[in-house]
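S.K.: Next up is a structure, given as structure tokens.
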Amino acid sequence: MMSKDFFLKRYWKMLTTPAGKISMGVILAFGFVAGIIFWGGFNTGMEKTNTEEFCISCHEMEDNVFEEYKATIHYNNRSGVRAVCSDCHVPKEWTPKLVRKIQASKELWGKMTGKIDTHEKFVAHRREMAEREWARMKANDSQECRNCHNFDYMDFSEQSARAMESHTKAFLGTDKMLPTGETCIDCHKGIAHELPNMHGIEGW
Amino acid sequence: MTDQEGGDTAMSQPMTTTTRMKSILKSGHLRALKTLGKGLMACFFSITISTVAMAETGGIDSLRTIDLSTEAPAEAMKKVLESDTTFHRDFIEQPPLIPHDIRGYTVNKDVNTCLQCHSWKNASKWGATRISVTHFYDRDGKQRADVAPNRYFCLQCHVPQADTAPLQKNNFEPVDSLK
């Protein structure tokens, strides 16, 4: 009788009818274990794509941005604390992270079509790529900077007079003015990579 | 100007030597002079040979204190001097010194990190020293709309300072007006 049905219909029936012989406990236990495996596996996989090894497994990243970054303070400094690619380029919170990962999957297409597969091509596209990243950081109030450089614990008195003044104006405001609402990336551009042609960029 | 001065000194040197030679020859000390010459030559060659053989500095006062064929131990890195004010200038046309660290600064065809603060547009915002008007004149003395290409590479003239003892004693004195 069952063999008469189309196989998809057969499976659909199996999935929609209550289990006859397996106990509720078994189903729950199985679901619980499977949930851990799938959910954990998914997050582990996503974390895997957050590692530096993963990022520089493409030569586009290793030969250009990674080389530039190696000379900067976020790679090499007196205390040995580092910020890897994902610390700055991928949000820490789960949902924004997932959104960013989906957006980044577009890079696979770029990889396949070889959009930036030589240094010359990379440099030619640097401005548009940089602008995209500046816009992203501006939109989320430089959240990735603030994950480490927490403004609440920033001692302005330890900073140079000029830095203190800028940070006060931008974040705290003064007696005469409200904070300007500028965010880290408005001033701190090109701190970990080379800058593109900055002609026409505000502040340059 | 300098070429002329150099030429003058070069000219005056052989003149005096010749005059001296003539006076020696006149006084009949030719034989003694020849002997002295031979002796000097011998000395010179022996010194040269020994210098080559031992690879020493040959009595020349050199900043290098260690044998050429061995690698000198690296000096400790020096701290860059930082100051909120400008450094003192020792001569009239001395390019102002950079009173801060410039790690990670970029000056290339696309971007000039120095000008982010020192350009005319941005200097007042950051309270930085504005580049002088001379930077807008090219090598033909023609005024340009922006920094002239031959004045664009800041570090050709302007350098940061480190807190180190000078390698060689220097007797330079600034003119009275700069003291």
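S.K.: Given (1) surrounded by fewer than 14 Cβ atoms within 10 Å (Cβ to Cβ); (2) more than 14 Å from chain B (Cβ to nearest Cβ); (3) without any contact (Cβ under 8 Å) to a residue 24 or more places away in the chain, identify the lone condition not met by A:E107.
M.R.: All conditions are met except number (1).
S.K.: A further question on this structure: Could you list, in sequence order, all residues of the range A:87-104 that are open to solvent by 50 Å² or more (accessible area, probe 1.4 Å) and part of a loop (DSSP other than H, G, I, E, B)?
M.R.: Within the range A:87-104, the subset open to solvent by 50 Å² or more (accessible area, probe 1.4 Å) is A:89, A:92-96, A:99, A:102-103.
Residues satisfying the conditions are A:K92, A:E93.
S.K.: Residue by residue through the range A:18-68, note down the ones that are small (G, A, S) and outside any helix (DSSP H, G or I). Working first, answer last.
M.R.: First, the residues of the range A:18-68 that are small (G, A, S): A:19-20, A:23, A:25, A:29, A:31, A:34-35, A:40-41, A:45, A:57.
Result: A:A19, A:G20, A:S23, A:S57.
S.K.: Tell me, which helices (runs of 4 or more DSSP H) lie completely within the range A:131-204 with 2 or more residues that are closer than 29 Å to B:D146 by Cβ, outside the structural domain of A:S86 (by TED's automatic domain parsing) and in contact (Cβ under 8 Å) with a residue 40 or more places away in the chain?
M.R.: Values: elements: A:143-146, A:161-167, A:184-187.
Output list reads A:184-187.
S.K.: What is the number of the single condition among (1) part of a helix (DSSP H, G or I); (2) in the same structural domain as A:W134 (by TED's automatic domain parsing); (3) open to solvent by 40 Å² or more (accessible area, probe 1.4 Å); (4) without any contact (Cβ under 8 Å) to a residue 40 or more places away in the chain that A:A71 does not meet?
M.R.: (1)
S.K.: Here's a follow-up. Those residues that are within 14 Å of chain A (Cβ to nearest Cβ), touching a helix residue (DSSP H, G or I) at 6+ places or on another chain (Cβ under 7 Å) and not in a loop (DSSP other than H, G, I, E, B), I need them from the range B:113-159; list them, please.
M.R.: B:C117, B:A123, B:W126
S.K.: Hey, another quick one. Out of the range A:183-204, which residues are of a type in the set (A, V, I, L, M), within 11 Å of chain B (Cβ to nearest Cβ) and open to solvent by less than 30 Å² (accessible area, probe 1.4 Å)? It would help to see each step written out before you state the result.
M.R.: Within the range A:183-204, the subset of a type in the set (A, V, I, L, M) is A:185, A:191-192, A:195, A:198, A:201.
Then drop every residue that is not within 11 Å of chain B (Cβ to nearest Cβ), which leaves A:191-192, A:195, A:198, A:201.
Selection gives A:A192, A:L195, A:M198, A:I201.
S.K.: Confirm whether B:P166 is exposed (fewer than 10 other Cβ atoms within 10 Å of the Cβ) and out of contact with any strand residue (DSSP E or B) (no Cβ under 7 Å at 6 or more places or on another chain).
M.R.: On the way: exposed (fewer than 10 other Cβ atoms within 10 Å of the Cβ): yes; out of contact with any strand residue (DSSP E or B) (no Cβ under 7 Å at 6 or more places or on another chain): yes.
For B:P166, the condition - exposed (fewer than 10 other Cβ atoms within 10 Å of the Cβ) and out of contact with any strand residue (DSSP E or B) (no Cβ under 7 Å at 6 or more places or on another chain) - is met.
S.K.: Which is basic (K, R) and touching a residue at least 40 places away in the same chain (Cβ under 8 Å), of A:K13, A:K92?
M.R.: Working: A:K13 fails: touching a residue at least 40 places away in the same chain (Cβ under 8 Å).
Going through A:K13, A:K92 in turn, just one is basic (K, R) and touching a residue at least 40 places away in the same chain (Cβ under 8 Å): A:K92.
The values are calculated or read from the model by the stated rules, or taken from the named source; none is laboratory data. Note that this is a predicted model, so its numbers are computed, not measured. Neighbour counts are summed over all protein chains in view; Cβ atoms, including those assigned to glycine, are modelled from backbone coordinates with ideal geometry. Surface accessibility is based on the protein's heavy atoms, side chains included, excluding ligands, DNA and RNA. Shrake-Rupley method; radii C 1.70, N 1.55, O 1.52, S 1.80 Å.
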